[in-house]
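The structure under discussion appears below in the form of structure tokens.
The values are calculated or read from the model by the stated rules, or taken from the named source; none is laboratory data. Given the structure is predicted, the values throughout are model-derived calculations rather than measurements. Cβ: placed from backbone, ideal geometry, glycine included. Neighbour counts: every protein chain shown. These area figures cover heavy atoms from the full protein model, side chains too; ligands, DNA and RNA do not enter into them. Shrake-Rupley method; radii C 1.70, N 1.55, O 1.52, S 1.80 Å.
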Amino acid sequence: MTTEATPVRDILTQDDAEARARRISNPAYVIAVDLQRGADTYRGDVTITFDVSGEGDTFLDFRGKRIDLFEVNGAALAPAWDGYRLTLPGASLTPKTTVRMRYENDYDHEGDGFHQFKDPEDGEEYLYSNFEPYEAHRLFPCFDQPDIKGTYRLTVTAPSEWQVVTNSREVSAAPADAGRTRRDFEETRRFSTYLVALIVGPYHVAREDHHGVPIGLYCRKSLVKHLDTEELFTITRQGLDWFGEFFGVAYPFGKYDQIFVPEFNSGAMENVGAVTHNEYMVFREPPTENQRQTRAETILHEMAHMWFGDLVTMRWFNDLWLNESFATYMSYLCMDSATRFKNSWQNFNSAWKNWAYRADQLVTTHPIAGRVDDTDQTFLNFDGITYGKGAAVLKQLVATIGMHGFREGMREYFRRHAYGNATLADFLAALETGSGRDLKAWARLWLETPSLNTISARWEADGDRITSLTVTQSAPADYPTIRPHTFEVGLIREADRGIHVDVLPVALSGESRELDAARGMERPLMVFPNYNDHAYARVALDEESAAWAKGNIERIDDLLLRQLVWSTLWNMVRDQQFSSIDYLQMVREKLPVEPAFELLDPTLNQALLALSRFVPEERRTDEAHRLFEGIRAALAATSQPDALIIWARALIGCAHEADDLALLGQLADGTEAVPGLTIDQDMRWSIATRFVAFGMPGAAARVEEEARRDPTDRGARAKLTAETSTPTAGAKQAAWERIHGEGYGSLYLTGSAMRGFNWPVQRALLSPYAERFFETVEGIFRTKDKEFTVDYFGALFPAYRVEEAILDRSRKLLARVEDLPTLVRKLREANDELERAIKCRAYAAAKHGGDR
């Protein structure tokens, strides 16, 4: 018996999941996977034993190529299968049911499911799984939802020289057929299907033992020279110790492997005992301290999930926010407490809170907690609100109930729910037990309502003394929730040795509160609400404070406050209260003296964003050159290795004029030099790609030279980006046809080609493709997998055309695709950002008029 099917729509609704969970429990999976070197497919043989209650049909999830055998309780049945849902006939089910299935499946090449990659550098083949939120059924038939936890016993037959990594330890290995070995792995503890892992291939491995827990690091053989095992093992040991003590539960899953895998869609995935990381965390070029800190956060984020997410798992994806927010908050808490990264909360503000603030101001803002109707909606909610806002609100909650109450609540949570599932209500109940506080009102105001408040200060002074100071909060008209905030107001004033900050604590529950303690205090230079960044809220500076900040920001010696002021000024640009041109001037004047790399990096990125999105079209080349000259001067003036790298990357990113581009070429060629700076391979590729996009002489030869220097997978992707950046009609047409046809071999490669397609400098050449995008994108979202659709939209939406015509065309498309929720959300967000950019450009144009 052989049955093949074509998938319809691969989705699981919450209603279907809840109905199935009422009937199915305690599955035990015995999974045998057969792998051949160089094959396009693999084979599987799976037996599932599970408990059944109730009557009628139910279903397994399975997305495969072909079913060769399907048995229920020993009886062979013809599969009723639509390509992703396999019916289990009610008449064949018993209270203890066994299903067996043999099948064949294609490897995946879009980063989800069971992904196959062939290394262009040495020809080796690498495989790995990636299943969150709803992809485990691409590898094996299963009840693919988080609240039907099971056990898993894997057997893998594969080439003998390949490493095989799963969630548990290998217990035996024996020869199979010529050149292959059969490996058996111990049965796991109970966990959810999306946490199953299978990673196979000729991976290099480094191993240690930490207090009886085997820990391993894996990467491709071609990356071994870049794997800094000492730092990776150090962070891993520090995290395992700290989390085990904090949670009161030792690491629960036997062994802890981390595998750096190619063409990975996200940053990392918390598979039980076998965490997969994106290979960008294996630094091929000298990293900055910011990059090392970001990697440490990712390592600790995934490790926190071993307890919160894996040991105790959300019942359904409406609590995905809690999974991710908790891991983000705990990773920063651990980083600050147990590692050398002591400025981690500054990174939290610049990376996570700013992402959250941006997401919370979009038209698609949503409550932190809320209903998630299906797995497609889950995919969309991996956003700044789920990660950043949730973590910021948890941080605020801990400040309210105290660290002791939080820790005791977490220990109670794991005592109650280990190896099971839990909900937000269960989490809050444990925290209430640990802290002795009622958190229901807090949860209602902070977790169940969308958007954010803006806090500000109104103050008056008579001479050199404050006569009144009132803090206020406001809310958007569409989301008028006023929330309780506990924060501090900083009064910045002159002192004998520079700047001094007087601090006033504030508990604000209504729209305003006068601070009696401020009356009679020395007149400040600046008043900054949310000093020390306790509140999750936007800050609006009064006119006098904003003016002082713009002219004196470098005088603030408090790093966090300086960072908060830069962030506030950036939000003023986004809100048309500070022109993009004035902001870029401030960056040129003030940022070169900034000593903190954790502030330098994000602020330069914001400057590049302002240049590309918020500067009027007719001013952009001039402003780009001014920024280039300012960055060039800063680059020449520094000798710090991290600063050299950060400034050099920004220099490349803002080059528009031919002379500026030519200087980049000279730096790459070695005919110009900056003392202490090495133009690394990533920079070389960025320079080569800009040469192509801007039509510089010798561009094609430069690309070929870089491809010769870099014969790796990175080089292959970078060359594709450069080729599709070519400013000719033929190159664009060929790329368009291939993107919409056979693609480039994998989603990573096709995505690289797509990212080279749209360049603002090629506006006239690209004009026909703006309309083609709007004609094509609906079909893409109806026929392609979600990862492809998101990459497609992000790369090919004509955002570079900041104009009303594109906004109108996008709105017309939005009006007729209401049945495609993913596309609807992408269009709404793109339109929101485009409308903001149009307003910012108009504001800058009006303010600066004819001055050049």
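On a 27 Å Cα-Cα criterion, which of the cross-link pairs LYS118/LYS826; LYS225/LYS732; LYS719/LYS786 come out too long?
LYS118/LYS826; LYS225/LYS732
Summing +1 for each Lys or Arg and -1 for each Asp or Glu among the other residues whose beta-carbon sits under 14 angstrom from that of ILE466 gives -4.
Over the range 10-153, the reciprocal of the mean inverse Cα-Cα separation, the Kirkwood hydrodynamic radius, stands at 15.9 Å. For LYS440, the aspartates and glutamates whose Cα comes closer than 20 Å to its Cα, not counting residues fewer than 8 places off in the same chain, are ASP319, GLU408, GLU412, ASP426, GLU432, GLU448.
Return the carbon/sulfur percentage of the accessible area of the chain, one whole number, probe 1.4 Å, all protein chains in place.
Values: 15090 of 31270 Å².
It is 48 percent, rounded to a whole number.
Per residue, the average separation of C-alpha pairs within less than 8 Å and at least 6 apart gives the chain a relative contact order of 8 percent.
The loop-placed GluC sites (Glu not before Pro) in the range 459-537, going by DSSP, that have at most 13 neighbouring Cβ atoms within 10 Å of their Cβ come out as GLU511. Let me know the shape class of the range 372-424, please: from the alpha-carbon gyration tensor, a ≥ b ≥ c as square roots of the eigenvalues, rounded when a/c is under 1.5, otherwise prolate if a/b is greater than b/c, or oblate. Oblate shape, in that a/c is at least 1.5 and b/c is the bigger or equal ratio.
For the pair the range 814-852 and the range 389-405, the centres of their Cα atoms are 35 angstrom apart. Accessible surface of TYR419, taken over heavy atoms with a 1.4 Å probe and every protein chain present, rounds to 50 Å².
Largest first, what is the accessible-area ranking of THR339, THR621, THR678 with a 1.4 Å probe? Write down the numbers at each step before the final one.
On the way: THR339 5, THR621 70, THR678 105 Å².
Per-residue accessible area, sorted high to low, gives THR678, THR621, THR339.
Here the relative contact order of the range 435-503, from alpha carbon pairs under 8 Å that lie six or more residues apart, stands at 22 percent. Report summary: the helix-based calculation at 222 nm, which adds -39500 (n - 2.57) for every DSSP H run with n ≥ 4 and divides by the residues of the chain, gives -13000 deg cm²/dmol.
Counting only lysines at least 8 places from LYS395 when in the same chain, those with an alpha carbon closer than 16 Å to its own are LYS353. Ranking ALA475, LEU445, LEU491 by how far each Cα lies toward the positive end of the dipole of the range 435-518 (charges on Cβ) leaves LEU445 at the top.
The residues of the range 223-298 have, on average, 29 Å² of accessible surface per residue, using a 1.4 Å probe with all protein chains present. For LYS847, the lysines whose Cα falls under 25 Å of its own Cα, not counting residues fewer than eight places away in the same chain, are LYS550, LYS590, LYS839. The value of relative contact order for the range 341-398, using C-alpha pairs under 8 Å at least six residues apart, is 46 percent.
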